[in-house]
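Student: The structure under discussion is supplied below as C-alpha cells; questions concerning it will follow.
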Amino acid sequence: KHGVFTYDPGFMSTASCESQITFIDGNKGILLHRGYPIEELADNADYLETCYLLLYGDLPNAEQKAKFNHSIMHHTMVHQQIHTFFNGFRRDSHPMAIMVAVVGALAAFYHDSLDINDQNHREITAHRLISKMPTIAAMVYKYSIGQPFAYPRNDLDYASNFLHMMFSNPCEEYKVNPVMAAAMDKIFILHADHEQNASTSTVRLTGSTGANPFACISAGIAALWGPAHGGANEAVLSMLEEIGDESNIEAFIERAKDKNDPFRLMGFGHRVYKNYDPRAKVMKAHADEVLKELGQVNDPLLKIAMKLEKIALEDEYFVQKKLYPNVDFYSGILLRAMGIPTSMFTVIFALGRTAGWIAHWKEMIDGDYRIGRPRQLYTGATERQYPKK
Ligand code: SDX
C-alpha cells in the first residue's frame, strides 16, 4: 500500500540498508549526521563543514577545513561549453528539467575522473559536484530570466557565492545580505542528508550498477522533483496561495482528511517522522528571523502557514495519524522571503542534498557492494497456456 516491496539478498548487499552517515528516530523526531544532532550542526557548523562530516565521518580540524574549502571553492566554474548547452532549452523550462540534464551531462565534460574504481577519481568527482551545483543552479535561474550568467567568485563563502551568482548583474555592484547568506547556508545544512529517502535510494541503486557519479546525482535530482518528495516545498507555496485567507483553512483541512479528495496538506506528514521533523523547527526559527530582518513579518502567507500549523496540530485526525510539519513546510516561505522564485525551491533542495547523495554514493562505492536488485510481490496471473488455434 505504501510502496512496500521485499529486498532480495542482492539488494541488501549493496549496503543500501546499512550506512554510518545518518540516523533518524521518527517517533522521537531525532536526526543525527555522523552522531551530531541536526540542531547543533545548524547552530554551529557551516554547510561545507557538514559536507566534510557527511563525506569523511568527522568534523574537519582547521587544516582539513581550509584544504577542503579551497578544493571546493576553487572548482566552482563549469566548462565554458556548458554555457552554450543551455541554449537548447526553452527559457520557461522547469529548472529541475534543466538540472537533471546539465548535471547528467557533466560526465561528458569531466570524463577524466570517471573511473569509479579509482579512489582519487571518486574524491575528485565528489568535490566537483559540491563545487559546481550552485553554479549550475544559478545559471538555470539566470537563463530563465534572460540575464547573463554571473561567474563564481573565490572571495565569497559558499552560500554568499551562490546568492551572488543568483542576484548580481553586470550593471551594478551587488552586496550579499549577510543575514540571507547565513539563512541560505542553514537551508543547505537542513537539506544535506536524510538517510534512505527516495532520491538517496535512487542514487545508491544507480551507483550500484557502476554508473558514473554525475549520472547517479542526475537520477537523484529526477526522483527529488516529485511533489511527494522534494517538490513539496514548491507545492506548499501553491497550497498557501490557493488557501488565500485564514478563513479558508478549515475547509482545506477537511479536504485533506477526505479520502475521496486527492488533496494533501503539503509540507505535512512523513514516512518516517511520526513526530515534529526537527528540521522544520530550525527552519521555522530562521524564517521568523529572516522575515524580521527583511521587514516581512506581516507576510500573509506566513500568517496562513502559522494558523494552518496550529489548527492541524490540534486536529484529531492529524494527531491520530501523527502528521506534523516536515522540512518543506517552512522552507518555501523562507526562500520566497529571500527573493528565490518558487520554481527554484526544489533546485535549492537538490543543491543542499548533493552532499548527502554523494556521501552515500561514496560510502557504498568505497565499501563492498553488489548491484541492487529489488524484488516485487507478484500479484499477477498464474502461468497459463496460449489458446490453441
Ligand atoms: C520529504 O523520505 C524522506 O526522508 C523525505 C524527506 C527528505 O529529507 O528526503 O524528508 C523530504 O520528502 C518530506 C515530505 C514532503 N512531502 C510532502 O509534504 C507531501 C505531503 N505529504 C504526504 O504526501 C505524505 O505525508 C508523504 C508522502 C510525505 C508520506 O506519505 P505516506 O508514507 O503515505 O504517509 P504516511 O504513511 O505517514 O500516511 C499515514 C496516513 C495515510 O492515511 P491512511 O492511508 O493510513 O488512511 O496519513 C495520511 C495518509 O493518507 N497522510 C496525509 C498526509 N500525509 C499522510 N493526509 C493528509 N495530508 C497529508 N499531508
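The values are calculated or read from the model by the stated rules, or taken from the named source; none is laboratory data. Every value quoted in this text rests on a predicted model; they were computed, and no experiment measured them. Neighbour counts are summed over all protein chains in view; Cβ atoms, including those assigned to glycine, are modelled from backbone coordinates with ideal geometry. These area figures cover heavy atoms from the full protein model, side chains too; ligands, DNA and RNA do not enter into them. Shrake-Rupley method; radii C 1.70, N 1.55, O 1.52, S 1.80 Å.
Student: Report, by chain and number, residues whose modeled amide H sits under 5 Å from the one on I30, excluding near sequence neighbours (fewer than 5 apart, same chain).
Tutor: Here D25 satisfy the definition.
Student: Setting aside same-chain residues fewer than 8 positions from K362, which aspartates and glutamates have a Cα under 16 Å from its Cα?
Tutor: E18, D58, D115, D118, E123, D193, E195
Student: Determine the dipole magnitude for the chain: charges of +1 sit on the beta-carbon of Lys and Arg, -1 on that of Asp and Glu, nothing else is charged, the reference point is the Cα centre, and the result goes in debye to the nearest 20. Working shown, then result.
Tutor: Working: 39 positive and 45 negative charges, 287 e Å.
That gives a dipole near 1380 debye.
Student: I'd like the carbon and sulfur percentage of the solvent accessible area for the chain, probe radius 1.4 Å, heavy atoms only, ligands and nucleic acids excluded.
Tutor: On the way: 9470 of 17970 Å².
Within the chain, the accessible surface is 53 percent carbon and sulfur.
Student: Please compute the length gained on full extension between T209 and H111, using 0.36 nm multiplied by the number of residues separating them and subtracting their Cα-Cα distance. It would help to have the intermediate numbers written out before the result.
Tutor: On the way: separation 98, 0.36 × 98 = 35.28 nm, distance 1.78 nm.
Gain on stretching T209 to H111: 33.5 nm.
Student: Here's another thing I want to ask about it. What full-extension length gain, to one decimal in nm, is calculated for A97 and V319 as 0.36 nm per residue of separation minus the Cα-Cα distance?
Tutor: Values: separation 222, 0.36 × 222 = 79.92 nm, distance 3.67 nm.
Value of the extension gain: 76.3 nm.
Student: Now for a separate question. What does the net charge come to around N248 if you take all other residues with beta carbon closer than 14 Å to its beta carbon, with K and R at +1 and D and E at -1?
Tutor: Values: positive: R255, K303, K307; negative: E241, E242, D245, E246, E250, E254.
Spelling it out: positives minus negatives among the neighbours equals -3.
Student: Which value, in Å², gives the accessible area per residue of the chain when a 1.4 Å probe is used on the protein heavy atoms?
Tutor: Computed with neighbouring chains in place, this is 46 Å² per residue.
Student: Set the Förster distance to 25 Å, then compute FRET efficiency between A198 and T84 from the Cβ-Cβ distance, nearest 0.05. Please report the intermediate quantities before stating the final value.
Tutor: Working: r = 33 Å, r/R0 = 1.32.
Rounded to the nearest 0.05, the efficiency is 0.15.
Student: Can you pull out the trypsin sites (Lys or Arg not before Pro) in region 74-178 whose DSSP state is coil and whose Cβ has at most 16 other Cβ atoms within 10 Å? Each step should come with its number before you reach the end.
Tutor: Details: sites: R90, R91, R122, R128, K132, K142, R153, K175; in loops: R90, R91, R153, K175.
Taking region 74-178 and a limit of 16 other Cβ atoms within 10 Å, the loop trypsin sites (Lys or Arg not before Pro) found are R90, R91, R153, K175.
Student: Modelled label-to-label distance, D43 and K28, 7 Å Cα→beta-carbon offset: nm?
Tutor: Once both label points are built, they end up 1.7 nm from each other.
Student: Here's another thing I want to ask about it. Find out how many positive minus negative residues lie around K307, taking Lys and Arg as positive, Asp and Glu as negative, among other residues whose Cβ is under 14 Å from that of K307. The partial results should precede the final answer.
Tutor: Values: positive: K284, K303, K310; negative: D245, E246, E250, D299, E309, E314, D315.
Charge balance near K307 sits at -4.
Student: Something else now. Normalised by the residues of region 130-207, what does the relative contact order come to in percent, with Cα pairs under 8 Å and at least six apart? All intermediate terms of the calculation are to be shown ahead of the outcome.
Tutor: Details: 49 pairs, mean separation 17.0, N = 78.
Reported relative contact order: 22 percent.
Student: Find which of L55, T22, N197 sits farthest along the positive direction of the dipole of the chain, computed with +1 on the beta-carbon of Lys and Arg, -1 on that of Asp and Glu, about the Cα centre.
Tutor: N197
Student: When the distances between all Cα atoms of the chain are binned every 20 Å from zero, what whole-number percent does each bin get?
Tutor: 27, 57, 15, 1
Student: Here is a follow-up. Do any of K142/K175; K142/K281; K65/K274; K28/K281 go past 24 Å between their Cα atoms, and which? Before the final figure, lay out the partial values.
Tutor: Working: K142/K175 17 Å; K142/K281 31 Å; K65/K274 36 Å; K28/K281 14 Å.
Check vs 24 Å cut-off fails for K142/K281; K65/K274.
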